[in-house]
Amino acid sequence: MGDIRLPRLNATDEEYTLIEWLVGDGAPVEAGTAVALVETSKAAHELVADDAGVLWQRTSAPSTCRPGEVVATVGGGDRPPPAQQTADPDSITITEPARRLMAEHGVAEAAVRSIGKPVIARSDIEQLVAGQAPPATAERVTVSAAQRRIARTVSTSHREIPAAYTVVKVVADRLKQRLRAEAATIGFVGIPELVVEAIAARRAEFPLCFARAEGDQAATVRPGAHVGVTIDVGRGLYLPVVADADTRPLRDVAADLLRFRRAAVRGEFAEADLAGSNIALTIHTDADVVHAQPLIFPEHTCAVSLASMQRELVLQNDGSVTTSDYFHLGLAYDHRFVNGRSAAAFLRAVKADLEAGR
């Protein structure tokens, strides 16, 4: 008999959602069979049975589970006894956001038990603090599991990272010429591909822009520029990673981003596609978006934002008027490790590469 425990699937989430069982309760399974689908803040992940036997589910679907929790047992034909209780039968589960709000308002656990629910969420504490339930006429909207995980990432970022922000204007005339030349040789290439290349090229010069904070006094910098690029096609925000972008040719960068766009549409990201980034590029290329301040992901010290292409009139020295295309490139940075001078220098270096068309 062997337990199936929920592994830690990424570094940022403390709980996941077991979306559905792929094998019925009491059904036979072979070793290596995918038995359940688990959703993290980044992707869906299959749980696999290590042993052959009969699968006995130890939790329902959908449900929220934590890393290390036993979700199923594979054994013989007899249902195993219930899992050993580590707390009294009247115990309740209080989510971390709920506990933080309890601490903020001095709410005791005894008061929380009066709510009468086995799982206490932040919204339950908010109602308890307010002293009344929402009006009967109010409409309560429950956001998706993916959006709740994005919310936790946003909250963590704003709570833990002292962010600053700088933006530069990039003239795109030569860059557009390069786009046409590259498209003729390697197929579709857009501005995001060239920005990924330009960001990665500055990894050796600005290593702390590619670091991970270890408290307030140290940061770790691992080799390579691994650029996470935001993709959102209406099914949640993904951050797939162009790995080793500082050593691979533009052709490979373009191929990765094309594959990621297709995976986002189909909902077919593998966990490996979404792991290991050390800087983020957030894309905001809707025609009306001229400026955007990105979120710094908890495992990063920097995030670059790319806004949409704009056109302006330019007065030449001879008095003639021409047009020029440009876009804004921003850098949100963890001020504990990256200062304003370094942030501006990093942006100027990336801008120089893009404006030179190289």
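Using only C-alpha atoms and all pairs of different ones, pull out the Kirkwood radius for the stretch 39-78 in Å with one decimal. Before the final figure, lay out each step's value.
Working: mean 1/r = 0.0851 Å⁻¹.
Radius from the Kirkwood sum: 11.7 Å.
Which distance in Å, rounded to a whole number, links the C-alpha centroids of the stretch 321-336 and the stretch 135-178?
18
Please give the FRET efficiency for residue 158 paired with residue 184, using the beta carbon to beta carbon distance and R0 = 45 Å, rounded to the nearest 0.05. Mind showing how you got there, number by number?
On the way: r = 44 Å, r/R0 = 0.98.
The pair residue 158/residue 184 has a calculated efficiency of 0.55.
Roughly how many nanometres apart are two label points built 7 Å out from the Cα toward the Cβ at residue 258 and residue 217?
Each label point is offset 7 Å from its Cα along the Cβ direction, giving 5.0 nm.
Here are labelled values, [x] 31; [y] 48; [z] 35, and one is the computed percent of Cα pairs over 31 Å apart for what I pasted. Which one?
Matching entry in [x] 31; [y] 48; [z] 35: [y].
Give me log10 I(q)/I(0) at q = 0.29, 0.31 Å⁻¹ for the stretch 208-254, Debye formula, one equal scatterer per alpha-carbon, no solvent.
Log10 I(q)/I(0), no solvent term: -1.01, -1.07.
Taking the chain as the reference, fit the longest principal axis to its C-alpha atoms, fit the long axis of helix 191-200 to the helix C-alpha atoms, and give the angle between the two in degrees, 0 to 90, nearest 10.
Here the helix axis deviates by roughly 80 degrees.
Quick check for me: using +1 on Lys/Arg Cβ and -1 on Asp/Glu Cβ, what's the dipole size of the chain about its Cα centre, in debye to the nearest 20?
On the way: 38 positive and 46 negative charges, 188 e Å.
Here the size comes out at about 900 debye.
Dividing the convex hull volume of the alpha carbon atoms of the stretch 138-232 by its residue count, what do you get in Å³ per residue? Please list the in-between numbers first.
Working: hull volume 20.2 nm³, N = 95.
Convex hull of Cα atoms, per residue: 213 Å³.
Based on the Cβ-Cβ distance from residue 52 to residue 114, what FRET efficiency comes out when R0 is 45 Å, to the nearest 0.05? Each step should come with its number before you reach the end.
Numbers: r = 47 Å, r/R0 = 1.04.
Once the sixth-power term is evaluated, E becomes 0.45.
Quick one: accessible area per residue over the chain, 1.4 Å probe, rounded to a whole number of Å²? Write down the numbers at each step before the final one.
Values: 18750 Å² over 358 residues.
Dividing the accessible area of the chain by its residue count gives 52 Å².
Evaluate E = 1/(1 + (r/R0)^6) for residue 151 and residue 286, where r is the Cβ-Cβ distance and R0 equals 22 Å; express this FRET efficiency to the nearest 0.05. Don't jump to the answer; show the numbers that get you there.
On the way: r = 22 Å, r/R0 = 1.00.
Plugging the Cβ-Cβ distance into 1/(1 + (r/R0)^6) gives 0.50.
On C-alpha positions alone, give me the angle between the axis of helix 340-356 and the longest principal axis of the chain, in degrees, nearest 10.
Approximately 60 degrees, to the nearest ten.
Leaving ligands, DNA and RNA out of it, report the carbon-plus-sulfur percent of the accessible area of the chain at a 1.4 Å probe. Display every interim value, and only then the final one.
On the way: 9480 of 18750 Å².
Result for the chain: 51 percent of the exposed heavy-atom area is carbon or sulfur.
Would you please classify the overall shape of the stretch 167-281 from the alpha carbon gyration tensor, given that a ≥ b ≥ c denote the square roots of the eigenvalues, rounded means a/c under 1.5, and beyond that prolate means a/b larger than b/c while oblate covers the rest?
It comes out oblate by the Cα gyration axes.
Can you give the helix-only mean residue ellipticity at 222 nm for the chain, where every DSSP H stretch with n ≥ 4 adds -39500 (n - 2.57) and the sum goes over all residues, rounded to the nearest 500 deg cm²/dmol?
Working: 8 runs with 98 residues, N = 358.
One gets -8500 deg cm²/dmol as the mean residue ellipticity at 222 nm.
The values are calculated or read from the model by the stated rules, or taken from the named source; none is laboratory data. Everything quoted here is computed from the prediction, not taken from an experiment. So basically every Cβ, Gly included, is an ideal-geometry build from the backbone, and we count neighbours across all protein chains shown. Ligands, DNA and RNA are excluded from the accessible area calculation, which covers all protein heavy atoms including side chains. Shrake-Rupley method; radii C 1.70, N 1.55, O 1.52, S 1.80 Å.
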